[in-house]
Amino acid sequence: MKVFLLLLSVAALSCGQGPPAEPPAGQRCSGRNYEGRRCCTPEQPCGFGEGDCDGPLDGGVNDGHAGCKGDLVCGSNNCNKFGLYFHEKDDCCDQPSSIPAVRPPPVIVPGAPLEPPAGQRCRGRNFDGRRCCTPEQPCGEGEGDCDGTGDGGLNDGDRGCRGALVCGSNNCAQFGAYYHEKDDCCEKPATVSAANPSNIQGSDWGPWSKWSDCSNVGIKTRTQKCNVKECTLNNGRVGSVNTQERYCFRKK
């Protein structure tokens with residue numbers, strides 16, 4: 001039965017039909033909106049189109065591709081192509097060709113430090129793992145990783161951040177180039193983040209451009225230009241162009 005569902009899913013995708021709005025009957029791992037994160041594990045690996053898996057593109061300590069059956073690999077934010085019921089941050093088991101062989105260098109935000117400042121407790125999954133910021137030990141501005149509403153499923157909301165700070169979404173790169181691209185940092189409510197693409201009211205930053213087409217290496221970008229000679233934000237960022245990246249998948 002599971003083999004039939006897999007073949008039916010592949011056929012539907014190849015014939016151009018849109019992804020389903022509800023999980024198919026018998027699917028064990030349907031993402032964090034249903035079973036939580038990391039439903040796919042080395043002990044109970046997932047089949048094609050199931051998630052959430054914890055792969056190498058998540059950074060930090062992870063399962064690699066061991067959470068997927070056979071030669072399948074754990075993708076990155078790729079589950080929505082398998083089903084609209086998945087969260088946008090869910091990672092699903094996919095064919096090896098879905099992961100680009102070559103990744104472009106990371107975009108470094110102008111003014112962002114390359115190394116963590118001395119004494120910083122939470123420096124992201126590359127140093128301290130995920131969810132370093134918790135309600136019991138909340139973080140200050142520019143610290144992460146926090147577990148906010150943008151992560152979906154069960155989360156801490158903004159309680160992992162001190163005072164009136166909020167937990168952003170994939171926003172840590174503006175605070176430091178040492179963060180992983182998926183780290184979420186505590187920030188002031190007015191700060192532009194990846195989860196809120198709208199412009200700051202009264203800011204010198206212009207609106208975001210449209211997302212570019214998906215590149216050969218599976219990346220799309222968009223830019224935001226400064227309307228004056230140089231722009232700054234509350235986090236100390238200085239520059240004339242702000243660039244964001246996202247993974248994407250080219251139709252074959």
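Observations on the structure shown:
- Simple label model, 7 Å out from Cα along Cβ direction - Thr243 to Leu114, nm: 1.7
- Karplus-based coupling profile of the stretch 69-75, in residue order and whole Hz: 6, x, 8, 5, 10, 8, x, with θ = phi - 60° in 6.51 cos²θ - 1.76 cosθ + 1.60 and x standing for Gly or Pro.
- Less than 5 angstrom separates the built amide H of Gly206 from those of Lys225, Cys226, Asn227, all sequence-distant by 5 or more or on a different chain.
- Each peptide in 20-33, 166-179 was scored by the mean count of other Cβ atoms within 10 Å over its residues; highest first, the order is 166-179, 20-33.
- Between amide H atoms placed 1.01 Å from N, distances below 5 Å from Asp128 occur with Arg123, all of them 5 or more places distant or on a separate chain.
- Entries of Lys81/Lys188; Lys89/Lys225; Lys81/Lys182 with Cα pairs more than 23 Å apart: Lys81/Lys188; Lys89/Lys225
- Spatial separation of Cα centroids for the stretch 40-115 and the stretch 142-162, in angstrom: 20
- Gyration tensor verdict on the stretch 66-212 (Cα atoms; rounded if a/c is under 1.5, prolate if a/b is larger than b/c, oblate otherwise): prolate
- For Asp71 and Ser212, a Förster radius of 30 Å and the Cβ-Cβ distance give a FRET efficiency of 0.45, rounded to the nearest 0.05.
- The slack in the chain from Arg103 to Arg28, taken as 0.36 nm per residue of separation less the alpha-carbon distance, amounts to 23.9 nm.
- FRET efficiency, 1/(1 + (r/R0)^6) with R0 41 Å, evaluated for Thr134 and Glu230 via beta carbons: 0.65
Any read-out appearing in this document is the output of simple, stated calculations on the displayed coordinates, not a laboratory observation. Please read these numbers as outputs of a predicted model, since none were measured by experiment. Cβ atoms come from the backbone with ideal geometry, glycine included; neighbour counts cover every protein chain shown.
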